[in-house]
Each structure stands twice: as C-alpha cells, then as structure tokens.
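Accompanying notes for the structure given below.
The values are calculated or read from the model by the stated rules, or taken from the named source; none is laboratory data. None of the values given here were measured: they were computed from a predicted structure. So basically every Cβ, Gly included, is an ideal-geometry build from the backbone, and we count neighbours across all protein chains shown.
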Amino acid sequence: MSSTITCDPGARIAPVAQRVFGSFVEHLGRGVYTGLYEPGHPRADARGFRTDVLDLVRELGVTTVRYPGGNFVSGYRWEDGTGPVAQRPRRLDLAWHSTEPNEFGLDEFMAWAHAAGVEPMLAVNLGTRGIEQALDMLEYCNIAGGTAWSDRRRAGGATQPYGVRMWCLGNEMDGPWQIGARTAHEYGRLASRTAKAMRMMDPRLELVACGSSGSGMPTFGEWEREVLTQAYDDVDFVSAHAYYCEHDGDLASFLASGVNMDYFIDCLVATADHVRAAGKKTKRIDVSFDEWNVWYQHRAESVPPSGDDWPVAPRLLEDRYNVADAVVVGGLLICLLRHADRVRAACLAQLVNVIAPIMTEPGGPAWRQTTFHPFALTARHARGDVLNLSVRCPELATAAFGDVPVLDAVATLDDDGALALFVINRRTDAAEPVTVDLRGLGGHRVEQAVVLSNPDPGWSATAADPSSVGPRPLTAQIEDGHLHFTMPAVSWAMLRLVRE
Ligand code: AHR
C-alpha cells in the first residue's frame, strides 16, 4: 500500500510570496567578515565582496536579506558603518562578545545587496536606541538629498536613495538575552511610536513588529496580543523566530519539527486575528518568519568568547549540517509555503558561515552545506499559487509531538500549468511508496525529479567534499493520471511536472 496525495488545482491557498525565500546576514562571527566581505581574497572584487559567495547566493535563489541583526542590532550604532572607512570607530559588540571594526556597514551592505540581486530588509535598534535614531537611519536610506543624513549618504557616493521598503522594529525584544529587552506593553508602545514617526517620513514602508523569539517562550501568545493591541494600526507584519535541532539522538521528533512550526504559525495568526476582531479592524497582519533554521545552540560552536577576549569575526555558530538537517530545512519550507495566505516573508537564518547554507574558508573556497539544496530547489521551482494537498499516509510515533504523518508535502501550480511538488519522508527506517492523484490537473509529464537522502543521514558536506551527497535523480512515472515514486527513509524530494 502506498501513501496517496491528491492534487486539486482548485484548492489554492495563495500566491507564492517570493519574500518567503529570504535570508539573514548579521554582524556575528564570520557572517560578514571573511563571509560576504574579504578584501584580498583571490575572488574578492574591488569592494572586497567575495564573488564566489555572490555566485552561491544567486544560485541559492535568495530574494530578500535581513540586516544587520539579530541580537547585534540591539547595541548597534548604524552611523558607525558609514563615511570614510579609515575614520570608522571600533566598538564592542556586547551581543556576541566580539569587536566590530565597522569596515562593512550600511553602504557596503546596500552595494552588496544590489550585486546579489536581493531586496534589503533592515532592522532598527530599539534596544539601546529609539525613535530618533530610527528616523536618522531612514532619512539616510530613503530621502533623496538636501538633509543632513541624506547628504551624508550622497557624500559617500550613493547619490540615489536606497528606497528600503521593509523594516524590522527591533529584534527579539521579548528575549531576556536581548540588550534593552522590554515588556510586551513597553515594546508595543515603542514600536507603535517608532512606526508612526517612520511613516511620517516615508509612507511606503512595510513594518515588522517583533513577535516571540520562539513558541516556547513563557510570554508566547500574550506577547503578540499585547504588542499588536498597542501597534496594530502601525505595522504590517508580526515576526516569528524558530530554531530546531536533534536532541539526544531523537531523529524522529527532529524530522517532525514542522509540526511545531505549524502550531507556531496557527497560534500567531489566531492571536493577530483576535486583536483584529477585538479592535474592530479591517486590515490583517501577516507573519514575517524572519529567523528560522536548524541550530545546535548547545554545541561548543555557539559559545561566544568571554572575559577579555573580544575578537573580530571569531568562528561562531558554524554548525555543520547533515542530510537529516537538510530534510528538516526542506520540511520547514513546505510548512512556510503551506501558510502562504499569512506568511508573506521569511528569512533562513543565516546566509554565510553562521548557521548557514554557504560556508567559506578565509583565503580559501566557498562551498554548499547540505541545507543549501532543498532551499535552492524550492526557491527556484515554487511558482504561481500554493495548493493545499490532501495527504493520506501512515503515522509514526514521536516523543515530542505524538503521532505525526510520515509524509509532509505541498505543491505549487504556475500560470503555464507546471506543478512543483515538495515532499519529505520522516520515516527513519523505511522507504515510503507514494502515489499522487493528478487526474484533476490534466495531462502532465515529469520534467525533473530529484531526491536528497543518504544511507547515512548523518553525512555532512565539508570544504574538501561538498558534493558527494546532493540531490540525485528520483525515478518517477505517471500512469493513468497517477504519479508514482518512492521516498527513501529520511528524504526530501522535488518533482516538477509540466503539461504534455
Ligand atoms: O541567528 C542567531 C540569533 O538568533 C540572532 O542574533 C537572534 O535574533 C536569535 O536569537
């Protein structure tokens, strides 16, 4: 007996939001220095941008990049990273116990984003700072000229305004670890006032209020209710952040991480809609899932330096991802797409070196981690509208989430009738035969079918061997309007079908 998926072209959830394929660059570890930026590297351009990294960023298909943090932003003085590089101050970065040399700042990021072809998404510091500095930064970015900050930008060579649309009002302000963490009421008031003032300068902005740093936060739910009660009319999005990892060898629960992400999004949307109803509002607040990934926070790689050691760009959060991690990343993307009606932006945290799909060696190569592949293939092929699939499959027991379906899947259908199907098999010990009922779609043929799996789901790519395990062809046939294929244990697959 195979599991069955039924594909109904009428069951459309919403158009794919291209911003769901966003990522995140923080001044943390080697995310920027020896990541994006390494003057003197053989592949660096005249500005110090690593072109090997830029090539991989384009291949990854990232659409939006959030910057400059993260916890870093809550102590950051954005203007330190502007003006002549030789005159920029070195500062302590309290979030990551590092030294920030400020060689790379706002103008460098905007030039890098332009080179990478991504939309910038900026965060303002609402930890140590407030409305005034947020306005200064906005003036610097979006005002054409004739004012103090816009003229400073022009003096640096950027004669055109950057026109940044999407802005995060602080970062994880619910987290006790955050510099300047606030109560929900305090933050909600500050977010509301900051947003109102920013819109007075530029009414085209799309603004993101901080939601919870995780659905396990003690204030989750109530935080969003209070923040949105204060700031509903002033913002467009509420953020969500979630990191997952395998705990104590419990691979089955780890592979079901999407169950938690579904719960998180469902609760967040319900809370936002409660505030909408209670306040008699008409507009809806969307979700910006602007930090998500696999992250092994308890490992030594994530322990910041301490004491008198304040290094520049230390190796931090440099997780090495295996095949199971990549299956989870692919599964989380399925989940984000399934919520396309409300999750209209998302950022894989992060992009280079720091819990990242792209790794670099200083002076050496840039290479792809396992997690690169499901992201790149989903970003490339998810087009048109997201379809709600009916999935009938067995369940398996997990310690963290109880019984969960062995499969998770989503599909997109574009204007030319091309269907992209994304599937994971959570079974750790057996393959799963799958039949997809396509009869509602009309005649299709398989154009491409690839699977990511390995007999050892613990296999990780390295700089020396980044490609022994990558997506490989998956055998799939269509007979009488039914697509047949078999998902290996612990696997992620993408199948693209086009009209005959
Ligand atoms: O992405 C790493 C960190 O995780 C970010 O700085 C912070 O926002 C989150 O806690």
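Mind checking which residues of the range 449-488 are under 30 Å from ASP437 (Cβ atoms) and among the polar types (S, T, N, Q)?
Within the range 449-488, SER453, ASN454, THR475, GLN477, THR486 qualify.
Looking at PRO473, is it free of Cβ contacts under 8 Å to residues at least 12 places away in the same chain and surrounded by fewer than 19 Cβ atoms within 10 Å (Cβ to Cβ)?
The answer is no for PRO473.
Within the range 173-197, how many residues turn out to be over 21 Å from HIS97 (Cα atoms) and of a type in the set (A, V, I, L, M)?
5
State whether one or more residues within the range 273-289 are closer than 30 Å to PRO15 by Cβ and within 15 Å of the ligand (Cβ to nearest atom).
The answer is yes; a qualifying residue exists.
Please determine whether any residue of the range 3-11 is closer than 26 Å to VAL406 by Cα, assigned to a strand (DSSP E or B), out of contact with any Cys (no Cβ under 9 Å at 6 or more places or on another chain) and in contact (Cβ under 8 Å) with a residue 40 or more places away in the chain.
Scanning the range 3-11, I find at least one residue that is closer than 26 Å to VAL406 by Cα, assigned to a strand (DSSP E or B), out of contact with any Cys (no Cβ under 9 Å at 6 or more places or on another chain) and in contact (Cβ under 8 Å) with a residue 40 or more places away in the chain, so the answer is yes.
With (1) away from the ligand (no atom under 16 Å from the Cβ); (2) farther than 27 Å from PRO42 by Cβ; (3) touching a residue at least 12 places away in the same chain (Cβ under 8 Å) as the list, and CYS347 as the residue in question, which single condition is left unmet?
Among (1) away from the ligand (no atom under 16 Å from the Cβ); (2) farther than 27 Å from PRO42 by Cβ; (3) touching a residue at least 12 places away in the same chain (Cβ under 8 Å), CYS347 violates only (1).
Residues that are away from the ligand (no atom under 16 Å from the Cβ), hydroxyl-bearing (Ser, Thr, Tyr) and surrounded by fewer than 20 Cβ atoms within 10 Å (Cβ to Cβ): does the range 230-238 have at least one?
no
Please verify whether the range 118-139 includes one or more residues that are in contact (Cβ under 8 Å) with a residue 60 or more places away in the chain, within 15 Å of the ligand (Cβ to nearest atom) and surrounded by fewer than 21 Cβ atoms within 10 Å (Cβ to Cβ).
No, the range 118-139 contains no residue that is in contact (Cβ under 8 Å) with a residue 60 or more places away in the chain, within 15 Å of the ligand (Cβ to nearest atom) and surrounded by fewer than 21 Cβ atoms within 10 Å (Cβ to Cβ).
All but one of (1) under 17 Å from HIS274 (Cα atoms); (2) free of Cβ contacts under 8 Å to residues at least 60 places away in the same chain hold for PHE237; state the number of the condition that does not hold.
Result: PHE237 passes all but (2).
Mind checking whether some residue in the range 470-485 is under 19 Å from ARG392 (Cβ atoms) and under 26 Å from the mean Cα position of the chain (by Cα)?
No, that holds for no residue.
What about LEU251, is it of a type in the set (A, V, I, L, M), touching a residue at least 24 places away in the same chain (Cβ under 8 Å) and crowded, with 23+ Cβ neighbours inside 10 Å?
no
For the range 295-329, which positions are more than 15 Å from the ligand (Cβ to nearest atom), farther than 19 Å from LEU92 by Cβ and not in a helix (DSSP H, G or I)?
Correct list: ARG320, ASN322.
Quick one: which residue in LEU332, LEU336 is away from the ligand (no atom under 16 Å from the Cβ), crowded, with 24+ Cβ neighbours inside 10 Å and either of a type in the set (Val, Ile, Thr) or not in a strand (DSSP E or B) (or both)?
LEU336
What pairs come up if the first residue lies in the range 176-196 and is in the same structural domain as PHE237 (by TED's automatic domain parsing) and on the phi > 0 side of the Ramachandran plot, the second is within 16 Å of the ligand (Cβ to nearest atom) and in a helix (DSSP H, G or I), and their beta carbons are under 7 Å apart, counting only those six or more places apart or on different chains?
Cβ pairs passing all conditions: GLY180/SER74.
Matching residues to (1) more than 18 Å from ALA418 (Cα to Cα); (2) surrounded by fewer than 13 Cβ atoms within 10 Å (Cβ to Cβ):
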| position | (1), (2) |
| --- | --- |
| VAL436 | no, no |
| LEU441 | no, no |
| VAL446 | no, no |
| VAL451 | yes, no |
| PRO457 | yes, no |
| THR462 | yes, yes |
| VAL469 | yes, no |
| GLN477 | no, yes |
| GLY481 | no, no |
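For the subset of the range 147-186 comprising residues that are in contact with a strand residue (DSSP E or B) (Cβ under 7 Å, 6 or more places away or on another chain) and more than 16 Å from MET198 (Cα to Cα), which member is surrounded by the most Cβ atoms within 10 Å (Cβ to Cβ)?
Ranking the candidates gives ASN171 first.
Mind counting the residues in the range 339-374 that are over 22 Å from GLU38 (Cβ atoms) and surrounded by fewer than 23 Cβ atoms within 10 Å (Cβ to Cβ)?
4
So which of ALA134, ALA86, ALA123 ends up being assigned by TED's automatic domain parsing to the domain that holds LEU348 and closer than 24 Å to GLY363 by Cα?
None of the other options fit; the residue is ALA86.
Tally up the residues in the range 1-32 that are of a type outside the set (Val, Ile, Thr) and within 16 Å of the ligand (Cβ to nearest atom), please.
Number satisfying all stated conditions: 9.
With the checklist (1) out of contact with any helix residue (DSSP H, G or I) (no Cβ under 7 Å at 6 or more places or on another chain); (2) on the phi < 0 side of the Ramachandran plot in hand, flag the one item GLY417 doesn't pass.
(2)
For a quick check of your reading: which strands (runs of 3 or more DSSP E) sit entirely within the range 409-471 and have at least 1 residues that are within 28 Å of GLU318 (Cα to Cα)?
Fully inside the range 409-471 and qualifying: 419-425, 444-452.
Quick one: which strands (runs of 3 or more DSSP E) lie wholly within the range 55-110 and hold at least 1 residues that are farther than 16 Å from GLN350 by Cβ?
91-93, 98-100
Whether any residue in the range 196-206 is assigned to a loop (DSSP other than H, G, I, E, B) and surrounded by 23 or more Cβ atoms within 10 Å (Cβ to Cβ) is what I want to check.
No, there is no match, as no residue in the range 196-206 is assigned to a loop (DSSP other than H, G, I, E, B) and surrounded by 23 or more Cβ atoms within 10 Å (Cβ to Cβ).
Could you list all residues from the range 18-60 that are small (Gly, Ala, Ser) and crowded, with 24+ Cβ neighbours inside 10 Å?
GLY22, SER23, GLY29, GLY31, GLY35
Among (1) in contact with an Asp or Glu (Cβ under 8 Å, 6 or more places away or on another chain); (2) surrounded by fewer than 18 Cβ atoms within 10 Å (Cβ to Cβ), where does ALA272 come up short?
(2)
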